[in-house]
Amino acid sequence: MSKLKIAELFYSVQGEGRYMGVPSVFLRVFGCNFKCAGFGMPRGELSEEANNINPLEFKDYKELPLVSTGCDSYASWDPRFKELSAMLSSDAIADGIMDMLPHEEWRDEHLVITGGEPLLGWQRAYPDLLDHPSMGRLKEITFETNGTQKLDDKFKEYLHTWTYHHGQDFHREITFSVSAKLPGSGESWSDAICPDVVCEYEEYGYTYLKLVVATEQDLADAEQAVLEYRAAGFKGHVYLMPVGGVERVYILNAKNVALAAMKRGWRYSDRLQVPLFKNEWGT
């Protein structure tokens, strides 16, 4: 039986991208290849806000403070907080999901596998979870990824099998929500912008880009990134989303980002978890 190190498992509405507003189970796995310490900071500066939080003072994710700069899910990858993330079996995760679904079964809800970065080493563990008997009526999965991790050959074969499983009386769909990290995140272009990787995702599910922006320089970076993805053959939609893990930051640029998306013929993604739930953990 496979195990996953789980930072959070909760039921909420999807706040971003294609499934915005859809009731969803969020499975947040631990670990990431990026830190994204540049979000909300002047270009070239990195946030120390999360580094100043003492992990020894907290016993649960919901007790952790929110940050206005850097990665707003910092505890899902920072090894200083790893003790807050449990290693759970696929049985335990499936049972936990059933307990939180309103009818104790999958109906129109969708599963969001997020992080951290969910396509790191956990690809090998997902088939065991998704093949669990209680997961059989699940119709839609989104992988919220930064778009840098290649799909393992065995996992690619499994995704095809899961989507086109014979005998099911409903359609299944996989989505890759690719939050590619622009330089404003603090990550380097060469590490973060991987068009060939993202183009491969399109072979296994609906794939779109979700680019976080706050400044004119971010928008210029977004345009350049889209050009590179298109040149590699990417055909999916492009969403712009405002920076802001806390409401006072989010409100400052949401309208401007929406207008910028309209100007370019791209889509706008809100961050519903911010105005609805103040971006609290578990939302």
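Some points to look at:
- FRET efficiency for the pair residue 152 and residue 263, taken as 1/(1 + (r/R0)^6) with r the Cβ-Cβ distance and R0 = 41 Å, rounds to 0.60.
- Length-normalised contact order of the chain in % [C-alpha pairs under 8 Å, at least 6 apart]: 21 percent
- Relative contact order computed over segment 1-109 (Cα-Cα under 8 Å; 6+ residues apart), in percent: 35 percent
- Look at 164, 229 and count the other Cβ atoms within 10 Å of each Cβ; fewest to most, that gives 164, 229.
- Between segment 162-207 and segment 57-113, the Cα center-to-center distance that results, in Å: 21 Å
- Spacing of the two label points (7 Å from each Cα toward its C-beta) at residue 57 and residue 80, in nm: 1.1 nm
- The residue 13 and residue 190 beta-carbon pair, evaluated with R₀ = 35 Å, returns a calculated FRET efficiency of approximately 0.50.
- Of 50, 220, 125, the one that fluctuates the most in a GNM where the chain has Cα springs shorter than 10 Å: 220
- Global form of segment 101-254, assessed from the alpha-carbon gyration tensor, a/c cut-off 1.5: prolate
- Contour minus Cα-Cα distance for residue 278 and residue 134 (0.36 nm per residue): 48.7 nm
- Percent RCO, i.e. relative contact order, over segment 140-283, from Cα pairs under 8 Å lying at least 6 residues apart: 19 percent
- Of the trypsin sites (Lys or Arg not before Pro) found in segment 17-79, those that fall in a DSSP loop while having at most 14 other beta-carbon atoms within 10 Å are 43, 59.
- Global geometry of segment 3-277, whether rounded, prolate or oblate, following the gyration tensor of its Cα atoms and the 1.5 cut on a/c: oblate
- Cα pair count fraction exceeding 24 Å, expressed as % - segment 8-112: 36 percent
- The slack between residue 256 and residue 170, meaning 0.36 nm per residue of separation minus the straight C-alpha distance, is 27.0 nm.
- Given R0 = 45 Å, the distance between the Cβ atoms of residue 160 and residue 43 translates into a calculated FRET efficiency of 0.60.
- In order along segment 221-230, the phi-based Karplus estimate (6.51 cos²θ - 1.76 cosθ + 1.60, θ = phi - 60°) of 3J(HN,Hα) comes to 5, 4, 4, 5, 4, 4, 4, 5, 5, 4 Hz; Gly and Pro are listed as x.
- Taking the chain, the Cys residues with no second Cys beta-carbon under 4.7 angstrom are 32, 194, 199.
Read the figures in this text as sums done on the coordinates, not as results from a lab. Since we're looking at a predicted model, the values are computed, not measured. Quick reminder, even Gly has a Cβ in these numbers, built from the backbone with ideal geometry, and neighbours come from all protein chains shown.
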